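In what follows, a structure is listed as structure tokens, so that the remarks can point back to it.
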Amino acid sequence: MLKLKAVRPEWVTLIASAFLLLGFNAVLWQHLFEITATDGKGLVMRAAFGVMIFAAFNVVLTLLAFRPVMKPLLTLIFLISAGVAYFMSQYGVLIDAGMFRNFAETNATEVRDLLSLKLFAYLLFLGVLPSWLLWKLPIHYRRWHRELFSKVLVSVASVAVIGGVALINYQGLSSLFRNHHELRLMLVPSNYIGASAGYLREQVVSARQPFIKIAEDARRNPELQNHPRKSLTVLVVGESARAENFGILGYSRDTTPELDKEAGLIAFTDVHSCGTETAVSVPCMFSNMGRKDYDASKAKHEEGLLDVLKRAGIDVIWRDNQSGCKGTCDRVTLQDVSNLKDPALCANSECRDEILLQGLQSFIDNLDKDTVLVLHQMGSHGPEYFKRYPKAYEHFTPVCESNALNNCSRESIVNGYDNTLVYTDHVLASLIDVLRANQHKVDTAMLYLSDHGESLGEYNLFLHGTPYMLAPEQQKHVAMLAWFSDSYQKAYSVDTHCLQMSRDKPLSQDNLFHSMLGLLEVHSSAYHQDLDMFAGCRGSVIDGVLAKD
């Protein structure tokens, strides 16, 4: 039977600090080696960085090293840090409040896709076993006043080490921290502790905010309100669809064979997302804040585009095949189709995106109001891209059939991802065909916009969610497509030839709110013509209020 000799708490905190620094921060150390010189100065820089972080960890743990607290706290830290270290090494993610928000607001299906034997190995060897040894270790505490005095001495000594190292290496360290903000997002466990604190602070602030209505003066153009034909505008919210891999946008592979044949389809080439994760991009694109002014806590308690359209008399329906609308559809009709029991399209608590089109013809046949139908796709959600499409759409092989992407060849990862776009191509083309077939009785249109892009191994990054200022183009440059039936073009004065000529104009998700108001001729002081991407290709705007020529 294992019997360990009793030790003082100072030794436990020293060993724990060293274990945290060396056991959970392989990604940090690898990056530090890449950004520092290989000469003597670089070695000194790395050593100084390590000593400072070690001393900082020791200060914090020493202050918390009391009998009822230390073992449970270190156990929790080891277990969480093991999981965080896995995801950082596996997918190259950086941990900030946005990434923590993704974790907090995910669903069971997304969590299941991330489970693997390698994750359990991390949890076992970096979390469970060290924790077991910790609980087996007897710790000899002093009487409270002597224990407190020893903690003060150790803390003062650790702070002195931090100060001494910082002074001796001030110029190099200050330059390192100033030019490489990503380091703090790589440092386990301080990164996820800071991220969780930021997220919780956001939730507290959000809970205290009053609900805010916007565009209370919104109203439709009277001519459209009395129009004998009803309209159906379908807004498809894509998932993880980066523009770089769309054949219709110039990709070398034909990932959009059906859309290429759709007459009148407009593919916008330069569109950027508001965020790099669904929890930010979706509420942001439906708000009128814009990316620079977007505030997640405010967005939870403020109306968005769908509320304004509903107020103007348009019927609004959100049909979801993913993890929800992140609050944007809370006050409109919600149809969750992600867990239907259709044997042809659904399995293992997940449905393919064609489920979004189920019953669409019947829906159109019974349309009695101008309607905006939002379809939220599962799209290209990773890491298990091979689950997002039927085998019939597996045009590119071999395919990575694992969620451990860094164990797959990049070719197989890209193949799997591209197959998801081939399937998205089919879903969108099928939607357009249905809308076109009904244009004799309903004015129909489709706008497709992905929430964010995806990394497929570029810069050793996978998936998405990298902080916006550090994220590569692949996570921000997204696909956007538009299609208008002939009757819709006439009813809403949309010049598709003009839109084709302006398809290369820089756009972003900031344009969605104002473009939808403009397109549907919803008059409001909240509307801004300069953000309406359709403004130059339809009716004129006078003093911020839409008017027909």
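Data overview
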read-out: Charge context of Arg201, other residues only, Cβ under 15 angstrom, K/R +1, D/E -1; value: +1
read-out: Estimated D of the range 355-514 in µm² per second, where Rh is the Kirkwood radius over Cα pairs and Stokes-Einstein applies at 25 °C, 0.890 mPa s; value: 137
read-out: In degrees, nearest ten, helix 9-23 long axis to first principal axis of the chain (Cα); value: 40
read-out: Given Lys213/Lys310; Lys261/Lys369; Lys441/Lys505; Lys326/Lys441; Lys230/Lys490, the pairs whose alpha carbons are separated by over 24 Å; value: Lys261/Lys369; Lys441/Lys505; Lys326/Lys441
read-out: The chain, relative contact order [Cα under 8 Å, separation at least 6], %; value: 20
read-out: Gyration tensor (alpha-carbon) shape descriptor, the range 221-320, a/c threshold 1.5; value: oblate
read-out: Trypsin sites (Lys or Arg not before Pro) restricted to the range 95-168 and DSSP loop, no more than 10 other C-beta within 10 Å; value: Arg143
read-out: Debye-sum result for the range 443-533 in log10 I(q)/I(0), which assumes one identical scatterer on each alpha carbon, at q = 0.15, 0.20, 0.23 Å⁻¹; value: -0.70, -1.00, -1.17
read-out: Long-range HN-HN contacts of Trp318 with modeled amide H, under 5 Å; value: Thr333, Leu334, Gln335, Val374
read-out: 3J(HN,Hα) from dihedral phi, the range 100-111, Karplus parametrisation 6.51/-1.76/1.60, rounded to Hz, x for glycine, proline; value: 5, 4, 4, 5, 5, 10, 7, 10, 5, 4, 5, 5
read-out: Exposure ranking of Ser131, Ser508 by accessible area [1.4 Å probe, largest first]; value: Ser508, Ser131
read-out: Three-way shape call for the range 296-407 based on the alpha-carbon gyration tensor, with the a/c threshold at 1.5; value: oblate
read-out: Extension gain, Leu64 back to Gln225 (0.36 nm per residue minus Cα-Cα distance, nm); value: 51.4 nm
read-out: Mean ellipticity per residue at 222 nm, deg cm²/dmol - from DSSP H runs of n ≥ 4 across the chain, formula -39500 (n - 2.57); value: -13500 deg cm²/dmol
read-out: Solvent exposure of the chain as accessible area per residue, Å², 1.4 Å probe; value: 44
read-out: Counted charge near Asp260, where neighbours are those whose Cβ lies closer than 10 Å (Asp, Glu -1; Lys, Arg +1); value: -3
read-out: Fraction of accessible area attributable to carbon and sulfur, the range 92-147 (%, probe 1.4 Å); value: 73
read-out: Quotient of C-alpha Rg and 2.2 N^0.38 Å, computed over the chain; value: 1.12
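The values are calculated or read from the model by the stated rules, or taken from the named source; none is laboratory data. None of the values given here were measured: they were computed from a predicted structure. Cβ coordinates were reconstructed from backbone atoms using ideal geometry, including for glycine residues, and neighbour counts include every protein chain displayed. Accessible surface areas use protein heavy atoms only, side chains included; no ligands, DNA or RNA. Shrake-Rupley method; radii C 1.70, N 1.55, O 1.52, S 1.80 Å.
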